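The values are calculated or read from the model by the stated rules, or taken from the named source; none is laboratory data. Bear in mind that the values here come from a model prediction, so they are computed numbers and not experimental data. A quick note on method: Cβ atoms are made from the backbone with ideal geometry, for glycine too, and the neighbour counts reach across all protein chains shown. Surface accessibility is based on the protein's heavy atoms, side chains included, excluding ligands, DNA and RNA. Shrake-Rupley method; radii C 1.70, N 1.55, O 1.52, S 1.80 Å.
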Amino acid sequence: MGHLSANPMGPNPSGERPLGGEPGSKSHRWLWIVALAVLIAVGFWYFRGSRTSTEAQGPGGSGGASAGKGPGRQGAGAGGFVVPVVVASAQRGDLPVYFNGLGTVTAFNTVTVRSRVDGQITKINFTEGQFVHQGQDLVDIDSRPYQVQLEQAEGQLAKDQAQLRDVQVNYERYQLLYKEGVIPKQQVDTQGAQVGQFEGSIKGDQGAIDSAKLQIVYSHVTAPISGRVGLRLVDVGNIVHATDSTGLLVITQLQPIAVIFSLPQDQLPQVASKLQKGDQLVVDAYDRDDSTKIESGKLLTIDNQIDTTTGTYKLKAVFNNDRNTLFPNQFVNVHLLADVKKNLVIVPAPAIQRGPQGTYVYVVQNGNTAKIQTVTIAQSTADKVGLSAGVNPGDSVVVDGQDKLQDGSKINPNTSTAPTPNANGAQQPTSQPGNTHADAAARRRTQGPQADRSTGKGQ
């Protein structure tokens, strides 16, 4: 019995600690404390990150809307959020219809000036790149050989004229003698034939004189047309011939100048009908980037056939080129004003949206709410769209920020950043005044690629 009443809490002769002792309980408590601290830190980080994102997005941001409504347009602008958008006013007016093509500037006249006589060049009277006028002296060729030929022809003419006078006197004498019956008729006729021979010789001498004079004229090469001189092909001292394949210089006419361009064959009937009525169609030439207008002219004519390989037809336009901005063989973008649509409601191209319900725009209503309005497009250009139905003049339409809208969304309209067309009609939106860097960064984070696409519509 004494063995059974032994104290269990007494000393352990083996020296081992019991499993349920105090040191093991303390280690478990530390593990729980560390886990609880980690959970608190994670919760604080999550709460702080969500609050920062909400402040950056503002009350109209898409993040809160998406959390409550789900992704896409269904959650944007809902739950009382106000969406900042850019609006523009619809206006009534006329919208031009342009046919655009690629063209090449072509000189109206290009002349390779060649020598018409043989000889040595003694003087060059022009500089490379100079503008010359018709009849201006350009190159002088040694004319002394032709001067000698002229003197020889004049000497021969004087000799033949003296002989002609002699045979004419004899012919008159023979006629008197024949009347008196002294000589036969044959001698009179022979003398008359000699008179005719010398008269023919005199005409030949006169022709030789004129030929020598013409060679002297050809020795002074003049400009056949007015235009710009290119690089000279000969120098002083060179021997030139009338049979040379290369010329002395090249002159191109720059005023006026032509542009040859191509358009699809489907547009031929509309252009041809205008020309047949006698209408003058305006043609604008733009630079290679299609951003800067170079010159305005008018359509001259249409080619007589369609190119079967490309399905296009060629047209020729003429430009005055008073400022010499067009140059031969220059590449240009051509805009042909084919028609003008009258009395349309014009809105910026970025305002047009397309969806299952068709083509529509967001119209700003009283109370700054957005309403989906179906529209009918009559004509569109790069930066403007003409509507025949759906929007009235003076209505405000949303041109930027549509990706965050739905029918009935609350909006904060801003008209200070409405896209403005540049020289080519492309949209050039300006920066929004009053937006801080944080607002801009928050908008980029929330909008993503959709915001970029919304500002680039219609370009």
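The set of residues from the range 205-241 being touching a residue at least 24 places away in the same chain (Cβ under 8 Å) and under 30 Å from Ala158 (Cβ atoms) comprises Asp205, Gln206, Ala208, Ile209, Ser211, Ala212, Lys213, Gln215, Ile216, Tyr218, Ser219, His220. Do we find that Asp235 is acidic (Asp, Glu) and under 28 Å from the mean Cα position of the chain (by Cα) in this structure? Considered against the rule, which asks whether it is acidic (Asp, Glu) and under 28 Å from the mean Cα position of the chain (by Cα), Asp235 comes out as no.
Among the numbered conditions (1) hydrophobic (A, V, I, L, M, F, W, C); (2) open to solvent by 20 Å² or more (accessible area, probe 1.4 Å); (3) farther than 30 Å from Phe319 by Cβ, the only one that Val111 does not meet is (3).
Taking the conditions exactly as written (more than 15 Å from Val139 (Cα to Cα), modelled with pLDDT under 95 and not acidic (Asp, Glu)), does Gly230 satisfy them or not? Even if it seems obvious, please write down each step before you answer.
On the way: more than 15 Å from Val139 (Cα to Cα): no; modelled with pLDDT under 95: yes; not acidic (Asp, Glu): yes.
In short, no.
Screening Gly60 against (1) open to solvent by 60 Å² or more (accessible area, probe 1.4 Å); (2) of a type outside the set (Phe, Trp, Tyr); (3) at pLDDT below 50 leaves a single unmet condition, (1). If you check Asp118, Asp140 for being open to solvent by 70 Å² or more (accessible area, probe 1.4 Å) and over 30 Å from Ala317 (Cα atoms), only one passes: Asp118.
Of the residues that make up the range 349-363, is at least one out of contact with any Ser or Thr (no Cβ under 9 Å at 6 or more places or on another chain) and touching a residue at least 24 places away in the same chain (Cβ under 8 Å)? Reasoning before the result, please.
The first filter runs over the range 349-363 and keeps only residues out of contact with any Ser or Thr (no Cβ under 9 Å at 6 or more places or on another chain), leaving 351, 354-356.
Restricting the remaining residues to those that are touching a residue at least 24 places away in the same chain (Cβ under 8 Å) gives 351.
So far as the range 349-363 goes, yes, one or more of its residues are out of contact with any Ser or Thr (no Cβ under 9 Å at 6 or more places or on another chain) and touching a residue at least 24 places away in the same chain (Cβ under 8 Å).
Inside the range 290-323, can you point out the residues that are open to solvent by less than 30 Å² (accessible area, probe 1.4 Å) and under 17 Å from Gln270 (Cβ atoms)? Hits for the range 290-323 are Leu299, Gly311, Tyr313, Leu315, Ala317.
Can you find a residue that is more than 24 Å from Gly227 (Cα to Cα) and either open to solvent by 90 Å² or more (accessible area, probe 1.4 Å) or in a loop (DSSP other than H, G, I, E, B) (or both) anywhere in the range 324-333?
From the range 324-333, those more than 24 Å from Gly227 (Cα to Cα) are 333; that's our starting set.
In the following step, the residues that additionally are either open to solvent by 90 Å² or more (accessible area, probe 1.4 Å) or in a loop (DSSP other than H, G, I, E, B) (or both) were identified as none.
There is no residue in the range 324-333 that is more than 24 Å from Gly227 (Cα to Cα) and either open to solvent by 90 Å² or more (accessible area, probe 1.4 Å) or in a loop (DSSP other than H, G, I, E, B) (or both).
Selection of the range 312-323 for residues being among the basic types (Lys, Arg) and part of a loop (DSSP other than H, G, I, E, B) yields only Arg323. Taking the criterion of being open to solvent by 100 Å² or more (accessible area, probe 1.4 Å) and over 22 Å from Ile202 (Cβ atoms), the only residue of the range 168-177 that qualifies is Leu176.
For the residues Val139, Val148, the requirement of being within 25 Å of Thr122 (Cα to Cα), outside any helix (DSSP H, G or I), modelled with pLDDT of 90 or more and not polar (S, T, N, Q) singles out Val139. Would you point out the residue of the range 407-417, among those that are open to solvent by 20 Å² or more (accessible area, probe 1.4 Å) and in contact with a strand residue (DSSP E or B) (Cβ under 8 Å, 6 or more places away or on another chain), that is nearest to Val375 (Cα to Cα)? So, considering only residues that are open to solvent by 20 Å² or more (accessible area, probe 1.4 Å) and in contact with a strand residue (DSSP E or B) (Cβ under 8 Å, 6 or more places away or on another chain), the one nearest to Val375 (Cα to Cα) is Asp407.
Tally time: how many residues in the range 355-414 are in a strand (DSSP E or B), among the charged types (D, E, K, R) and touching a Phe, Trp or Tyr at 6+ places or on another chain (Cβ under 9 Å)? Reasoning before the result, please.
Just the residues of the range 355-414 that are in a strand (DSSP E or B), to begin with: 355, 358-365, 369-374, 376-380, 384-389, 396-400, 410-414.
Right, trim to among the charged types (D, E, K, R) and you get 371, 384, 400, 410.
When the remaining residues are screened for being touching a Phe, Trp or Tyr at 6+ places or on another chain (Cβ under 9 Å), the result is 371, 410.
Summing the residues that are in a strand (DSSP E or B), among the charged types (D, E, K, R) and touching a Phe, Trp or Tyr at 6+ places or on another chain (Cβ under 9 Å) in the range 355-414 gives 2.
Taking the criterion of being of a type in the set (Asp, Glu) and either in contact with an Asp or Glu (Cβ under 8 Å, 6 or more places away or on another chain) or touching a residue at least 40 places away in the same chain (Cβ under 8 Å) (or both), the residues of the range 290-318 that qualify are Asp290, Glu295, Asp307. Total residues in the range 248-260 satisfying the condition of being buried (at least 17 other Cβ atoms within 10 Å of the Cβ) and not aliphatic (A, V, I, L, M): the figure is 2.
Report yes if Val282 is within 30 Å of Ala223 (Cα to Cα), in contact (Cβ under 8 Å) with a residue 24 or more places away in the chain, open to solvent by less than 70 Å² (accessible area, probe 1.4 Å) and under 17 Å from the mean Cα position of the chain (by Cα), otherwise no.
Numbers: within 30 Å of Ala223 (Cα to Cα): no; in contact (Cβ under 8 Å) with a residue 24 or more places away in the chain: yes; open to solvent by less than 70 Å² (accessible area, probe 1.4 Å): yes; under 17 Å from the mean Cα position of the chain (by Cα): yes.
It is false that Val282 is within 30 Å of Ala223 (Cα to Cα), in contact (Cβ under 8 Å) with a residue 24 or more places away in the chain, open to solvent by less than 70 Å² (accessible area, probe 1.4 Å) and under 17 Å from the mean Cα position of the chain (by Cα).
With respect to the conditions (1) out of contact with any Lys or Arg (no Cβ under 8 Å at 6 or more places or on another chain); (2) surrounded by fewer than 12 Cβ atoms within 10 Å (Cβ to Cβ); (3) assigned to a loop (DSSP other than H, G, I, E, B), Gln186 lacks only one, and its number is (3).
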